[in-house]
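The values are calculated or read from the model by the stated rules, or taken from the named source; none is laboratory data. The structure presented is a predicted model; accordingly, all values stated were derived computationally and were not measured. We place every Cβ from the backbone using ideal geometry, glycine too, and count neighbours over all the protein chains shown.
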Amino acid sequence: CITSDGKKYENPKTIKKYEKKLTKLQRQLANKTKGSRNYQKKRKQIALCYEKIADTRKDYLHKISSEIINENQVIVSENLQIKNMVKNHNLAKSISDVSWYELTRQLKYKSKWNGRTYIKIDRFYASSQLCFSCGYKNTNVKDLKVRDWICPFCNTKHDRDINAAKNILAEGLRQVV
């Protein structure tokens, strides 16, 4: 998550923190006799580990969504099709761990509670390809590997994510006015 003023909220990668513990517990579960008391105990330990992951993630999302709501009057986000993005097996785990849907859901209801404006823009808006300074559309930066680019028209250097955040805010404000 990145704000238009350049503030980045890093993913705490909650699954990665507990991955070794989960793997160990699941391996231990596989060695237990199904239906036995020890099997049930191990299943409960695994469930508690998953609950800890969910609680940690939810706590982090509540903290950053509250911070974003308190610092801004207008919140604009892209209407991402997360369901389709998860189909990419290389990114599925990372996307699920970030919980974008939950973050947008929290931003939406917290903005209502606090009298803020929440806007979703179309996912096909070329936010990362447009130069925020001059409006030039650079189609060469479609590839996600390109993190920084220089506008060939006005020679402004852009961080892909910050430039996209500025363009998303501008598009959201344009839709409101």
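Inside region 56-79, residues that are surrounded by fewer than 17 Cβ atoms within 10 Å (Cβ to Cβ), at pLDDT 95 or above and either among the small types (Gly, Ala, Ser) or over 18 Å from TYR9 (Cβ atoms) (or both) make up a count of 1. Being hydrophobic (A, V, I, L, M, F, W, C) and surrounded by 14 or more Cβ atoms within 10 Å (Cβ to Cβ) is the filter; apply it to region 14-49 and report the residue that is nearest to the chain's Cα centre (by Cα). Per the criteria, the residue is ILE15. Selection of region 77-112 for residues being within 14 Å of the chain's Cα centre (by Cα) and not in a helix (DSSP H, G or I) yields SER77, GLU78, ASN79, LEU80, GLN81, VAL86, LEU91, SER99. Here LYS83 passes the criteria (1) farther than 19 Å from THR3 by Cα; (2) basic (Lys, Arg); (3) in contact (Cβ under 8 Å) with a residue 40 or more places away in the chain except the one numbered (3). Could you check region 1-39 and list, in sequence order, the residues that are of a type in the set (A, V, I, L, M) and within 26 Å of LEU61 (Cβ to Cβ)? Correct list: ILE2, ILE15, LEU22, LEU25. Whenever a residue of region 118-147 is on the phi > 0 side of the Ramachandran plot, its partners that are part of a loop (DSSP other than H, G, I, E, B), lying with C-beta atoms within less than 9 angstrom and at least six residues away or across chains, give the pairs GLY135/PHE153.
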